[in-house]
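Colleague: A single structure is presented below for examination.
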Amino acid sequence: MASFWPYDADCRLIDEHIYEDTGSRRIEKTDPADVITTEKARELLAPCSTAPCPDPIRPRMNEVLTSHRVP
């Protein structure tokens, strides 16, 4: 499959073309050993979902505020 998006001179999207080569398409059975189940994905991703997200603004904001203090 290939996609093509032409733009006008003002860089605005004007169309979309999708090309699909159905002649070379094939469906293959996946080996069950290569499949990650929902339960396994949940187990593997659990540490990522419980960790707090870092705040990229706060450390920089603290730096800016402390560097501009008037004595």
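Colleague: Quick one: CYS53 ticks every box in (1) part of a loop (DSSP other than H, G, I, E, B); (2) at pLDDT 90 or above except a single one, so which number is it?
Modeller: (2)
Colleague: I would also like to ask the following. Hey, among the residues in the range 11-27 that are modelled with pLDDT of 90 or more and among the acidic types (Asp, Glu), which one's least open to solvent (accessible area, probe 1.4 Å)?
Modeller: For the range 11-27, the residue satisfying everything is ASP15.
Colleague: Could you give me the residue pairs with C-beta distances under 8 Å whose first residue belongs to the range 1-15 and is over 30 Å from ARG26 (Cβ atoms), whose second residue is surrounded by 10 or more Cβ atoms within 10 Å (Cβ to Cβ) and among the hydroxyl-bearing types (Ser, Thr, Tyr) wherever it lies, and which are 6+ apart or on separate chains?
Modeller: Going by the 8 Å Cβ cut-off, the qualifying pairs are LEU13/TYR7; ILE14/TYR7.
Colleague: In addition: So for the range 29-46 (the condition being surrounded by fewer than 10 Cβ atoms within 10 Å (Cβ to Cβ), assigned to a loop (DSSP other than H, G, I, E, B) and either in contact with a Pro (Cβ under 7 Å, 6 or more places away or on another chain) or at positive phi (or both)), does at least one residue qualify?
Modeller: Among the residues of the range 29-46, not one is surrounded by fewer than 10 Cβ atoms within 10 Å (Cβ to Cβ), assigned to a loop (DSSP other than H, G, I, E, B) and either in contact with a Pro (Cβ under 7 Å, 6 or more places away or on another chain) or at positive phi (or both), which makes the answer no.
The values are calculated or read from the model by the stated rules, or taken from the named source; none is laboratory data. Computed from a prediction, not measured in an experiment: that's the story for all the values here. Counting neighbours? That spans all protein chains shown, and the Cβs are built from the backbone with ideal geometry, glycine included. Note: accessible area is taken over every heavy atom of the protein model, side chains too, but ligands, DNA and RNA are not part of it. Shrake-Rupley method; radii C 1.70, N 1.55, O 1.52, S 1.80 Å.
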